[in-house]
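One structure below.
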Amino acid sequence: MNQREDMVGQRPRAIQDDAQPPLQYEQPASQGGSTGAVPISAPAPAQPAPAAPQAPHPERDWERFPEYPDYADGHQRTPWPPGFVGKVAQYLYCHSPSPVPEYAIAAAVGFFAGICGRGWIYSGTGLNHDIIVLGESGTGKNIVHQGIANIGRQLNGTPIATFIINAKMASAPALLKNVAANPCFLQLIGEVGKMYRAYSKSKHGDTLDELFTVKLDLWERSGPDGSAVGIMYSNPDKNVQPDGITGIAHSTLGESTPSVFYGALTTDMMNDGLLSRLWIVEYEGADPEFNEHRLHEMPQEWVTYLSALVRAACGRLSQQPVDHSEAAAALIREFAQECRDEKLNAGSGVPPI
């Protein structure tokens with residue numbers, strides 16, 4: 001089948017007004033009589049958390065879908081994710097000057113993790129992710145920064161800046177103060193391999209060592225029962241105590257070249273469980289052809305939907321559980337079994353049964 005054929009469909013239908021999240025409510029009627037007494041306001045009814053808007057029909061006609069790059073021997077293209085995440089990934093692919101599917105997919109997953117990481121949970125934990133994109137220089141890794149910025153520009157007028165932060169955390173207190181003020185966001189990190197290289201050379205108690213220790217601790221605190229950690233100093237003025245903050249969904253998305261990142265890895269990182277928490281998305285192939293027909297705007301229906309999703313996520317105080325499809329459940333079970341087999345047979349030389 002032609003590579004474009006499975007992506008040609010109908011343009012998304014417009015979102016109806018009743019699909020918008022219920023962010024505004026009618027004021028309760030006041031109580032009072034003819035005695036001239038000051039009216040007493042009725043107790044405010046419980047307000048439900050804003051619901052996610054109804055997703056638009058994701059299909060669209062890609063007039064010029066770039067040819068896929070040539071992959072190295074033994075490697076093949078990562079399939080597009082299902083649903084609207086996959087369509088946003090395809091938009092980022094069409095927007096990139098050097099289109100590579102793996103980079104676009106990583107950017108799309110990171111984008112949605114930054115917005116939805118805390119408001120919706122699966123299996124008692126948030127939807128936050130730590131993603132690292134690897135590829136040689138000149139292959140288009142910058143789409144993880146530039147592409148997300150492009151979508152953010154189209155969502156102007158929404159609180160999207162709350163969920164996307166393009167900055168490095170200088171220390172553990174800096175990270176804790178940020179998640180205390182904003183418990184759900186995606187942090188974009190350039191040249192993340194150099195940060196891991198510096199961490200590999202740090203000593204116990206150093207700034208980077210404390211930063212990564214706090215990051216590992218926060219990973220398990222994205223669910224409704226996960227409370228933020230703090231740091232206590234001999235000088236109480238320096239204490240960081242994010243009291244009452246639960247469900248920390250801090251996601252990261254960084255890019256690096258393979259040699260720098262892999263060269264920075266140590267045995268301690270594996271023993272600490274750091275690597276097992278990472279999504280490492282690597283592209284091995286030729287430099288992609290320059291995209292002469294880049295897309296710069298999403299369909300208005302998509303912009304409307306994403307704007308409503310951002311507002312709904314910003315207005316949520318509680319965390320709503322979400323389920324998975326039967327196909328996703330089967331993949332999760334298969335992957336979990338594969339991980340158990342590899343762990344049990346690591347170093348034994350016995351292939352898994």
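Observations on the model:
- Shown here for the stretch 144-223: GluC sites (Glu not before Pro) in loop regions (DSSP other than H, G, I, E, B) with at most 16 other Cβ atoms within 10 Å, namely GLU191, GLU220.
- Were the residues from ARG64 through ASP206 laid out at 0.36 nm apart, the gain over their Cα-Cα distance would be 46.1 nm.
- The trypsin sites (Lys or Arg not before Pro) of the stretch 63-169 that DSSP puts in a loop, and whose beta carbon has at most 12 other beta carbons within 10 Å, are ARG64.
- With all pairs of separate Cα atoms included, the stretch 101-188 yields a Kirkwood hydrodynamic radius of 14.0 Å.
- Positive minus negative residues near THR257 (Lys, Arg vs Asp, Glu; Cβ under 13 Å): -2
- 14 Å beta-carbon shell around PHE290, net charge (K/R +1, D/E -1): -2
We did not get these values from a lab; they are worked out from the coordinates using the rules stated. For clarity, every value in this text was computed on a predicted model and none was experimentally measured. Virtual Cβ from ideal backbone geometry, glycine too; neighbours counted across all protein chains shown.
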